[in-house]
Every structure is written in structure tokens, then in C-alpha cells.
Amino acid sequence: MNETEQQLRLIATSALKSIARNEQIKQHVLESESLYPLIFRAARRFIAGETRDQALPEAIKLISKGYSVSLDCIGENKTLEKECTEAKNEFLQLVRSLRGTGHLSTMSLDLSKIGMMVDGELAYRHLEELLREASLYGVTIMISAEESFKTEQIVELYKRAAGNYVNVGITLQAHLHRTERDLAEIQHYPGRIRFVKGAYQESEDNGEPRSERLTEKYLRLVEARVASGHPVSIATHDEAILGELRRRGYLGQPNVEVEMLYGIRADLLKTLKDEGYRARVYLPYGKEWHLYFFHRLAEYPPNLYRAIATIADRVNTPDEEAYY
Ligand code: FDA
């Protein structure tokens, strides 16, 4: 790729990430009878369905093939208490549907969907209700990472929950400068830590772009957590990172699993699972796939070409999910 192409790619990535977090566009697409189904055709590749009833059979299918799953009714930034309570109720139903799958299922959520944008106490009350219910069924709840301006509050709510419940985990973004400090502060809690590179666009003051330095940092964070003996999810599709962790003997440790997003590098996850490594699929469902979908387009340009081809009904190759 020459310099101009590289520049254009950076501009396109940045534009897609700002479309991803534009609430007005999100609302417009959600409410449009013509746009929503059209774009959903392309998003469907990364989404298990629009409802819990559509997502659960996919989860069961993956479990029967030897994967663990993490289900998430996606969405974020709810600013009305009523919407937060509705979201919490959906998660409550989801937890109940996961009874019987035990340690094979976790549930993921954004705290900004269940109350954090209204009031931290509301988010904590909802989280506690979910954790109590989840603990009855042996289900772990994973808190997702959001934009860096929310990280302080997310980590504080996590610490409060982790002081009282063992079935709560957190997602940390390797690209944020603060993450090594956050890890040091929460390292003693036994809950699962999921390491991701970070999807949100951050300023240089807050975060590190994709680079060798970020790879090194990612490896350091994973090493520190594996050594603690507590559960770790290596949540990346980066073959070089996974290869290096395998070479260093970390992938096969009893507290380690590899987790990937539904519909992305299914071939690689299957290979790892077939080699005997623990493999989990993050399985989102729901109608609020806007931010999630545009992040997936932004981080891998061929997804954009494929999305356009799908919208134009020109795709004949099997979807990634066929590889699981
Ligand atoms: P990177 O982006 O460097 O990509 C490495 C390689 O992976 C690419 O070259 C390509 O081969 C493949 N790849 C990556 N993305 C792809 C895509 N969209 N389509 C096809 N191939 C792709 N982020 C966040 O900010 N908060 C969160 O809570 C979460 N939660 C989360 C859970 C789980 C289970 C995963 C796997 C990821 C997240 N993320 C997240 C997203 C994460 O931060 C990151 O944006 C993506 O995982 C992409 O980064 P990689 O580590 O894959 O590396």
C-alpha cells in the first residue's frame, strides 16, 4: 500500500468510527423502514439475530461443537431510566435462558445500557440484580469496555461488584494508557479479565494506535494476568499475537481461553479449538447493532466491500459462520 492509499485508509477508518458513535444516524437507521432491513442484511454476518429466541439456537449449536459462548443483547448509552430497566429485564431473561449451560456461557453487557448514563447507582443496582440471578445458574457476567471517558466509572463499578460477587468479569482495552494501572488495581479479584486491543477511536493522550508497541503491551498484560492464576480471555483475532502466546506456552494454561467475535476468523478459532485450546465465541444479538457493525467495518476494510456486495445482493461465498 502506498502512502496515499494508507492515508485514505486512515481517513476512512476514522470516518466509519465516527459514524459508529453517531447517535442521530443510529436512531435514523433504527427507525427507517427502508434503511434498517437493507443495512441489517450486511450486519447479519456479525449478529446472531434480532431477538434472544434467534440467538439462543446459535449459542446451543456452537456449544454442541465444543465452543463456549458469551451472549450480549447489544446496545449502549441509554439515557432514560425506563429504557435501562427494560434492558436489564432483557438481560435477566437471558441469564435465565442460560441455565443448564453453566460455565460454558457468559453474558456480556455495556454498563451504559443498564443505567450508567443516568446514574451510577442505577447501573450498580441493575448489575447486582443480574449478578445475583446469574450466580444461581453459574453464569458469569462480563462488563464490556466503552469509550475512555467512561473507563474510570466502569472500573469503579466493577471493583464494587467484584468485592461482593465472584461471577463478574471485566474487559480491559490494551490500547488505553491507563490499562496497566487498572490491571494492577484489580489483579487480586478472581473474576475473568478479557483483554481486547480496543475498538473506540481515542486521542494520543489516551490511547495507543495499532502498532508493534501495542502488540508488546498486549502480550505483557496477558502474561501478568496468566501468572496471577485467575481466568483470562485473550480476545483478539491477531494471528501473530496468538502465535506468540502459543509459543510462550500461555494458550494452554488452565486459566486461559481465546475469545473471538462471531463471524470473524471462525477458521482460526476452529483450528485452535481442534488443537485442544479453550475457545469462546462472543455472540451479540438485538436491534442495536449500529455501533458494533460500523466498528467491524472500520477495523477491516474488506468487510466494507463485502457489506456493499451483500446489500447489492452480489455475495455467493459462504459466510464466516459456516467455518465453526
Ligand atoms: P486488529 O484490529 O489488529 O486485527 C488483527 C487481525 O484480525 C486483522 O489483520 C484481521 O486479520 C483480523 N480482524 C480484526 N478485526 C476484524 C474484522 N472486523 N473482520 C475481519 N477480520 C478482522 N472492544 C472494545 O472497545 N470494548 C469491548 O468491550 C470489546 N469487547 C470485545 C470482546 C471480544 C470477545 C473481542 C474479540 C473483541 C472485543 N472488542 C471490544 C473489540 C476489540 O477491541 C478490537 O476492536 C477487535 O477485536 C479487533 O482487534 P484485534 O485484536 O482482532 O486486532
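Quick notes
- Among helices (runs of 4 or more DSSP H) entirely within the stretch 20-84, having at least 1 residues that are at pLDDT 95 or above and under 20 Å from residue 142 (Cβ atoms) singles out 52-64.
- Residues of the stretch 211-241 that are near the ligand (Cβ under 10 Å from one of its atoms) and farther than 20 Å from residue 183 by Cβ: 237, 239, 240.
- Qualifying residue in the stretch 180-196 (condition: more than 10 Å from the ligand (Cβ to nearest atom), over 24 Å from residue 132 (Cα atoms) and of a type in the set (A, V, I, L, M, F, W, C)): yes
- Failed item, numbered, when residue 125 is tested on (1) touching a residue at least 12 places away in the same chain (Cβ under 8 Å); (2) farther than 22 Å from residue 254 by Cβ: (1)
- Enumeration of residues in the stretch 128-187 that are assigned to a loop (DSSP other than H, G, I, E, B), farther than 17 Å from residue 113 by Cβ and not hydroxyl-bearing (Ser, Thr, Tyr): 138, 139, 163, 164, 166, 167, 174, 175, 177, 178, 187
- Filter result for the condition that a residue is out of contact with any Ser or Thr (no Cβ under 7 Å at 6 or more places or on another chain) and closer than 16 Å to residue 162 by Cα, over 122, 109, 127, 136: 127
- Test: residue in the stretch 197-208 that is among the acidic types (Asp, Glu) and near the ligand (Cβ under 8 Å from one of its atoms): no
- Enumeration of residues in the stretch 54-85 that are among the acidic types (Asp, Glu) and closer than 24 Å to residue 295 by Cβ: 58, 72, 76, 83
- Scanning the stretch 150-179 for residues that are surrounded by fewer than 18 Cβ atoms within 10 Å (Cβ to Cβ) and either within 11 Å of the ligand (Cβ to nearest atom) or basic (Lys, Arg) (or both), we see that the one that is farthest from residue 250 (Cα to Cα) is 160.
The values are calculated or read from the model by the stated rules, or taken from the named source; none is laboratory data. From a predicted model like this one, the values you see are computed outputs, not experimental measurements. All Cβ positions, glycine included, derive from the backbone under ideal geometry; neighbour counts span all protein chains shown.
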